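> The structure is given below, and queries will be raised subsequently.
The values are calculated or read from the model by the stated rules, or taken from the named source; none is laboratory data. Just so it is clear, the structure is predicted and the values come from calculations on it, not from any experiment. With ideal geometry, Cβ positions are generated from the backbone for all residues, glycine too; neighbour counts draw on all protein chains shown.
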Amino acid sequence: MSSSSGSSFLIRPYLLLLFILLPSLAFNAGHTDPVKWILTKECTLKVNGSTNINKFSCIVPEYTQPDTLICYKDNKSGPIKITGSMALDVQKFDCKHAVMTNDLRKTLKAKVYPKIIIKFLNLSRYPDVYNREEVIKGAVTIELAGIVKRFEVDYKYTMNGNGNLKLIGTKQVNFSDFNISPPRKLGGMIKTNNELNVEFVLNIKTLN
Amino acid sequence: MKRIILSGLIAGVMLFILCYGGLYLGIRLFPALFMDYNNPLFNSDGNRDVFFYMHAFIISFALSWFWDRFKELFHGHFILRGLEFGFVYAMVSLLPVMWITFSSLDITFFMVLSWFLYGFFQAVVAGTLFAKLNP
C-alpha cells in the first residue's frame, strides 16, 4: 500500500512534464516559422512575342522596388502557401528598338495602368537547396491593363554561389487574356500574334 | 461627269489590286522594310481599316476629276501622258505633303520616300488609264 503510493508520487512529476511538453511537441510537428524571401533588384521580367514580320523581346531589366514574399513552409515535400507580390513599371519595358518599345507601352495601356502586378499564391513544394536544378510549379495572378488573371507557372530554380535563390518562372499568356487586342497595322497587313511568352526571374535572399 | 466617275471607278479597282497586292507581297518578301510600322503613330486597333482600304478609290476619283479638268495639258503617247500626269501630281501634291510629314512626325526618311514613290506610282497608273478611258 505504502510502496504503490510512493511510486505514484514519483511518477506524477513525469506525467505533469509530459502534459506540458506534449501540446508544444504536437504544435511544432506541423508548423515552422514562415520564411521571408526578399526580392532583390536583380529581378527581371521578359516578354517574348512576334508579329507576322518580326520577333520582339522586351524586358524590364531591374526591379527597383524590393519586396518581400512570405513562404509558409508547413511541410518539406508538400505544397506551400506564399503571400506577397511584385509590381513592375510598364514604362520600364525596353524592346531594344525605340519604336517597338513605345508601341508595346501603348498596347499595354501604360498611361492608364502603369503597373504589372504579379501576386504569388503557392508553390508545389519548397525549393530544395540540395537539388541545385529542379522544376516546380506554382500559381500566380497577373494584373495587367486592369485585368487580373490566375496562371499556373513552371519554375526552374538554382541556388547562387552567394546563397541567393534564383527562381525563373515561365508562362505563355495571350493578349486576349487581358482584354487587349494584339496590335495590327496597315489595315491588318502587319499583325502581332496573340501569344506572349512571359519569363520572370526572381532573385531571392532568404531570411528565416 | 459620267466619264469621270466611270474612269475613277475603273482606276480605283486597278489601284486596289496593284497597291494592296503589292503591299501584301512587299511585307512578305521584305519584312525588314516594314519593321518601323510597329510604331504607336500608326493606328493599331483596326477601327480605321475600312478607310485604309478605301484610299485606292479616294485617290482614283480625285485624280479622275483632276485629269478631266487638265487633260488638254498632257500631250503625246498615252503612257507619256500618264507619266507626266503622275509627275505633276507628285510635284504639286506629294512633295509638299511628304516634306511636312517628315519634318513633323517621328518617322524615317526611307518611310517617307517609299510613300512618295508609292503615290507617284499610283498617279502614273491612274493617268495612263485615264489617257485611254477619257482621252
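> Quick check on this structure: which one of A:Ser57, A:Ser50, A:Ser8, A:Ser77 is farther than 18 Å from A:Ile204 by Cα, modelled with pLDDT under 60 and not aliphatic (A, V, I, L, M)?
One residue alone meets the criteria, A:Ser8.
> Output the residues belonging to region A:51-74 that are part of a loop (DSSP other than H, G, I, E, B) and in contact (Cβ under 8 Å) with a residue 60 or more places away in the chain.
A:Asn52, A:Ile53
> Count, please, the residues in region B:47-57 that happen to be surrounded by fewer than 16 Cβ atoms within 10 Å (Cβ to Cβ) and more than 8 Å from chain A (Cβ to nearest Cβ).
Summing the residues that are surrounded by fewer than 16 Cβ atoms within 10 Å (Cβ to Cβ) and more than 8 Å from chain A (Cβ to nearest Cβ) in region B:47-57 gives 5.
> If you don't mind, there's one more thing I want to ask. Looking at region B:77-101 only, could you name the residues that are in contact with a helix residue (DSSP H, G or I) (Cβ under 7 Å, 6 or more places away or on another chain) and buried (at least 17 other Cβ atoms within 10 Å of the Cβ)?
Result: B:Arg81, B:Gly82, B:Leu83, B:Phe85, B:Gly86, B:Tyr89, B:Ala90, B:Leu94, B:Met98.
> Which of the residues that make up region B:94-135 are hydroxyl-bearing (Ser, Thr, Tyr), touching a residue at least 24 places away in the same chain (Cβ under 8 Å) and assigned to a helix (DSSP H, G or I)?
Across region B:94-135, the qualifying residues are B:Ser114, B:Tyr118, B:Thr128.
> For the list (1) out of contact with any Pro (no Cβ under 8 Å at 6 or more places or on another chain); (2) surrounded by fewer than 18 Cβ atoms within 10 Å (Cβ to Cβ), I need the number of the one condition that A:Lys106 fails.
(1)
> Another question, if that's okay. Being of a type in the set (A, V, I, L, M, F, W, C), within 21 Å of A:Asn179 (Cβ to Cβ) and at pLDDT 90 or above, is that true of even one residue in region A:94-108?
Yes, because at least one residue in region A:94-108 is of a type in the set (A, V, I, L, M, F, W, C), within 21 Å of A:Asn179 (Cβ to Cβ) and at pLDDT 90 or above.
> Among the listed residues B:Ser60, B:Ser44, which satisfies the condition of being surrounded by 16 or more Cβ atoms within 10 Å (Cβ to Cβ), under 30 Å from A:Pro183 (Cα atoms), touching a Leu at 6+ places or on another chain (Cβ under 6 Å) and not hydrophobic (A, V, I, L, M, F, W, C)?
One residue alone meets the criteria, B:Ser60.
> Here's something else I'd like to know. Among the residues of region B:1-16, is there at least one that is part of a loop (DSSP other than H, G, I, E, B), within 30 Å of B:Phe70 (Cα to Cα) and over 18 Å from the mean Cα position of the chain (by Cα)?
Scanning region B:1-16 turns up at least one residue that is part of a loop (DSSP other than H, G, I, E, B), within 30 Å of B:Phe70 (Cα to Cα) and over 18 Å from the mean Cα position of the chain (by Cα).
> If you don't mind, there's one more thing I want to ask. Kindly provide the set of residues from region A:178-208 that are surrounded by fewer than 16 Cβ atoms within 10 Å (Cβ to Cβ) and either within 14 Å of another protein chain (Cβ to nearest Cβ) or not in a loop (DSSP other than H, G, I, E, B) (or both), ordered by number.
Residues of region A:178-208 surrounded by fewer than 16 Cβ atoms within 10 Å (Cβ to Cβ): A:179, A:181, A:188, A:193-195, A:197, A:206-208.
Residues satisfying the conditions are A:Asn179, A:Ser181, A:Gly188, A:Asn193, A:Asn194, A:Glu195, A:Asn197, A:Thr206, A:Leu207.
> Report yes if some residue within region A:109-120 is surrounded by fewer than 16 Cβ atoms within 10 Å (Cβ to Cβ), in contact with a helix residue (DSSP H, G or I) (Cβ under 6 Å, 6 or more places away or on another chain) and either at pLDDT 90 or above or outside the structural domain of A:Tyr63 (by TED's automatic domain parsing) (or both); otherwise report no.
Yes.
> Quick check: is even one residue across region B:27-43 in contact with a Phe, Trp or Tyr (Cβ under 7 Å, 6 or more places away or on another chain) and either more than 9 Å from every other protein chain (Cβ to nearest Cβ) or not small (Gly, Ala, Ser) (or both)?
yes
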